[in-house]
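Asker: Dumping the structure here so I can ask a few things about it.
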Amino acid sequence: NGAWFDDGVQVRPIQLPIEQDAAQLQVFGELAAGADRAAGENMRVAVLSTSGVLCGEFPRLEQLQSGPPIPFTCGPDDPLPMCMSLMRYHVALLLPTKVQFVNIVSNEVVLEVPVEGAVLGLNRDLVEGRLFLLTGDDVHEIDYSDEDRDMWRVYVAQGMYSQALPLCRTAEQRNAVYVRQAEQAFSEGRFVDSAGLFGKLTSPLPSFDEIAARFLGLDGPAGMTGEGSRSKGPMRALLESKLSTLSSKDAVERTVVSTWLLELLFDEVDDGSARVGCEDTNDPLAGPVSSFVTKYADCLDPRTTISLLDAYGRTHDLLAYAQARGDAPAEVELLMSLGKTAQAIGVLRKPSSKLDLVYTYATPMVRCSPAETVSLWMDILRACQHAPAGSGLNDSPAASVRRVSACFEPLRLLPAIAPYAHAGACREIRAEVIRFVNFAIDTDLLARRDSAKNESGSVRREGDPETGDMNALYDLNMSLLSVDPENEDMLVEKVAAHRTHYDPLQALRLCSERGRTRAVTALLVELELWKDAVDGALDLGDWELARNIARQCRDGDLRRRLFLDIIRRLLAADPTCNQALVRSIVEESSCICISDVVMLAPDGENIGAFGDLVCSGMGAEAAKRRDSALELRLADASLRGLAGRFPCAIPAPLTDASVCASCNRRVLSELPPASAGPSGGLLTPHFTFPSGNHYHGACLCHEVALITGSSRAEAIRSMSRVLAARAPGSHKPDDLDMKRALDADLCAE
């Protein structure tokens, strides 16, 4: 009897079918040499009985009771084995004249070693896994390290293919096992299993064409085994197995096989779906194609695969293929065609995506998902602003956005956002567009560009391509804000904040057409159209605004008229209620006197309210007149004194008898000579000097040109020709005063 013990407790007694009272028992496995035990191998037990060797594996020890023993090959009169030694695949039996090695799987004797001398026994080293034969005074070591070299053949002969494959050492041996197993499965009608095994062959014979020809007509489910076998035929199993067997070096073969397999998958989809190109996500036939193109994306030819998927209408499979290949442009295009804008925006946030995709799909994205699209644009712009040069991702909330060497250009989004500057566009989208445009304008990125231009000494000019493009963004912002009346407060704020960037005339036209009166008034101030700006403020009833606008005017006469217009409107609207405001204007402005207010009052009504101002104003006016009279008397005395000291300073009057000091012709009745130069037009006809000399205008220009340098003489002649060519009564050339001032400051003044 035998019993197994675990931690000192008897757990299972086993009755062994042996005749003798005692028998040799050996264990091979964990209890034996650790080096001899293969990974995952069960512990093996052998018992030497008079009828043979009983073998079993732990924990299935019932084989010791029910399994047939390994018979001895000796005759009935021959002595029985003295002892045995158990190995992984063989058992060594010690006979009086030899050592016999019997295969445990096939029960066949594979080797007999004759022994000379007295045989004492077999001893096994449980630590090193060595076998020793004791004979007389000698100890022989038996080497069995290569006992598994032909075990794959034994397993194949027994039909145990799964045990044979791990023991194959070369590709030829594995191919032999696959062929034998595949042929057996084919003969049994298990075509799918057979095709899968044939696909694992790496030998040139039998050829793949010959194997494929055997399965071309076998597309039915007959003989299919295994999970999922009912969803594919033998040819598909063959191709999948072959594709998994080919290495990356077999690029052409992998492409051909994968394309063939893809077409088979399409055929199965057509046979199993109600319509071609079924895109139902619950359709189980839609899964294999997507899984296949995802798994073998590196094997398939892109052009051929895309053409096939598009021909079958497999949009979801095209999307899976684009994702597997990392083709961001195709992935975004397919997601947009499926209406999955949020997922497309997620693709654009990946580091592998390019900014060109943001510009390309800006129009459809902002139309479908305005808030998410604007957030994407702002994150990209923020990332370009904060990320240091040469870095990949930044630590800002937009860390998923890649910083590129070329900064994000909001101007390239103008075709997508400009259409929302019209009243007929969607108001919700316009609100998001305004949010982005204001962010792009206010960001430090744009301010940094402008400051860089100023530091380099460049001047902002109209027509400059860089500043012109920048102005387009500001002009668009003014147009967007002028559409909806609720944005007028922001519009008025931007009018003053961005005065050097936008086109005020264009903004004025838009605001006028759309009835944005406050913005129109602010723009008139920027254009320094003070009269119109004050009128606009008065039309709005905003007296303080009109007063502030008048204060900004630098022209004193115009500022006086503006204040008078304000006072006239105040008195016309409600003289009683507006008296305090009128008094404050008169007291603040030095160019307005109370007499002006009296003249503007309708029919002298309510003049009594300004009595104190009238009195103080009259006193100030009288004092002013007294001062003016005193100044006139002093000036007259000064002139008379000068005349007495310098009698020649008073020139002789110009009469008909006065002659030109240069040409001796009468100044008033005779023309100057032609040699003196052109005359007439706007050129002064004559000059009179304190010395008493008189000159024709042309003669004087000629005289001065003769005594000056060549450059100044040419300038004098040029100016005289220009003046003489102008008709009397016309305007002088705009640059004439400047030329005169440059020529002689005192004469010009």
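The values are calculated or read from the model by the stated rules, or taken from the named source; none is laboratory data. Just so we're clear, the structure is a prediction, and the values are computed from it rather than from any experiment. Reconstructed Cβ throughout: ideal geometry from the backbone, glycine too, with neighbour counts over all protein chains shown. In case anyone asks, the SASA skips ligands and DNA or RNA and just uses the protein heavy atoms, side chains included. Shrake-Rupley method; radii C 1.70, N 1.55, O 1.52, S 1.80 Å.
Asker: Going from most exposed to least, what order do CYS701, CYS368 have by accessible area with a 1.4 Å probe? List each step's numbers first, then the result.
Answerer: Details: CYS701 35, CYS368 80 Å².
Highest to lowest solvent-accessible surface, that is CYS368, CYS701.
Asker: Amide H to amide H under 5 Å from LYS98: which residues, 5+ apart in sequence or cross-chain, H placed 1.01 Å off N in plane?
Answerer: Amide H to amide H, under 5 Å and 5 or more residues apart or across chains, LYS98 pairs with VAL115.
Asker: Right, here's the next one. So how far apart, in nm, are the two label points at GLU528 and GLU486 if each is 7 Å from Cα heading toward Cβ?
Answerer: 3.9 nm
Asker: Still on this model: Using 12 Å as the cut-off for backbone N distance, which residues of the range 78-103 belong to the label zone defined by a point 7 Å from the Cα of ASP138 along Cα→Cβ?
Answerer: none
Asker: Just reorder SER353, SER248 by solvent-accessible area, largest first, 1.4 Å probe, all chains present.
Answerer: Ranking SER353, SER248 by accessible area, largest first, yields SER248, SER353.
Asker: Quote the FRET efficiency, to the nearest 0.05, computed for ARG149 versus ALA371 with a Förster distance R0 of 51 Å and r equal to the Cβ-Cβ distance.
Answerer: 0.10
Asker: Among the listed pairs LYS354/LYS494; LYS249/LYS354; LYS350/LYS494; LYS494/LYS531, give every one whose C-alpha distance is greater than 26 Å.
Answerer: Over 26 Å apart, Cα to Cα: LYS354/LYS494; LYS249/LYS354; LYS350/LYS494.
Asker: Rank by packing, highest mean first: peptides 478-490, 99-111, with packing defined as the count of other Cβ atoms within 10 Å averaged across residues.
Answerer: In decreasing order of mean packing, 478-490, 99-111 become 478-490, 99-111.
Asker: In sequence order, what are the phi-derived ³J(HN,Hα) couplings for the range 547-556 according to the Karplus relation 6.51 cos²θ - 1.76 cosθ + 1.60 with θ = phi - 60°, rounded to whole Hz, with x for glycine and proline?
Answerer: 5, 5, 5, 4, 4, 6, 5, 8, 7, x
Asker: Within 10 Å, count the other beta carbons around each residue, average over each peptide in 240-246, 374-380, and list them highest first.
Answerer: Order by mean packing, descending: 374-380, 240-246.
Asker: With a 1.4 Å probe and all protein chains kept in place, how do ASP148, ASP539, ASP503 rank by accessible area, largest first?
Answerer: Most to least solvent-accessible, the answer reads ASP539, ASP503, ASP148.
Asker: Once amide H atoms are placed 1.01 Å from N in the peptide plane, what residues at a sequence separation of 5 or more from LEU111, or on another chain, have their amide H within under 5 Å of its amide H?
Answerer: Answer set, sorted by chain and number: PHE101.
Asker: Quick check: residue separation of THR315 and ALA713 times 0.36 nm, minus the Cα distance between them. What number comes out in nm?
Answerer: 134.7 nm
Asker: Related question: Give the peptides 208-216, 704-712, 90-98 in descending order of average Cβ contacts within 10 Å, highest first.
Answerer: Values: 208-216: 14.0, 704-712: 11.6, 90-98: 18.7.
Sorting 208-216, 704-712, 90-98 by mean packing, highest first, produces 90-98, 208-216, 704-712.
Asker: What spacing in nm lies between the two simple spin-label points modelled at ASP209 and GLN15, each 7 Å away from Cα in the Cβ direction?
Answerer: Rounded to a tenth, the inter-label distance reads 6.7 nm.
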